[in-house]
Amino acid sequence: MLTEAGRIISRLKTANPDITALFERLSHDLSPQEKYDGRDELMRKMSKALEAGGIPRTIAKSMKRVFANSSMQDFDLFLALCSESIILYLKCQSVQTLLRLKEMVVSGLLLWLLNDAIKQFIESQHRIHLVLKAEDYNLSLFYLNSVAGTFVT
């Protein structure tokens, strides 16, 4: 369901002119209140699109915050796999995006955003641990630096 939700949001971002215009507006230098209002509007539209795509309302409402914030940070949920753990593959478009994602992981923001959505899937789960393997992060950063021709420490 997470993967399908990611596909719905990805299509929404590229095919819906209202969303495209909203992202364009949010990319400008806005006041905190304007950015907050834009994010709220984005969450409303994403929630409606998720529900229209067959995602149950309670799950769509908890996912909208995840997708709105990740979209504003310029990374996308590419794939979600479930086994003993839930593995999320996030697609970053640049080194700067990867560094923002790292900050979201380190600060706990990403875990906070995902917590409600994952609780909807796993009612018995009391605690969620987000693990980012150092070797995966370093390999991704090395690859993006090599492509971009820059070095980031």
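Since every read-out is calculated from the coordinates, none of them should be taken as a lab result. Computed from a predicted model, the values in this text were never measured in an experiment. Using ideal geometry, Cβ is built from the backbone for each residue, glycine included, and neighbour counts are taken over all protein chains shown.
For residue 100 paired with residue 25, estimate the spin-label separation in nm (one decimal), with each label point 7 Å from Cα along the Cα-to-Cβ line.
With each label placed 7 Å out from Cα toward Cβ, I get 1.9 nm.
Where a Cα-Cα gap under 28 Å defines reach, which lysines qualify for residue 48, not counting those fewer than 8 residues away within the same chain?
13, 35, 61, 64, 91, 119
Once you have the Cα-Cα distance between residue 57 and residue 41, take 0.36 nm times their residue separation minus that, and quote the gain in nm to one decimal. Write down the numbers at each step before the final one.
Values: separation 16, 0.36 × 16 = 5.76 nm, distance 1.71 nm.
Gain on extension, residue 57 to residue 41, equals 4.0 nm.
Would you mind getting the Kirkwood hydrodynamic radius of region 2-148 from its Cα pairs, rounded to one decimal in Å? Kindly include the intermediate steps, with their values, before the conclusion.
Numbers: mean 1/r = 0.0619 Å⁻¹.
Over region 2-148, the inverse of the mean reciprocal pair distance is 16.2 Å.
Using a simple spin-label model with points 7 Å from Cα along the Cα→Cβ vector, what separation in nm is obtained for residue 116 and residue 136?
Between residue 116 and residue 136, the label points sit 2.5 nm apart.
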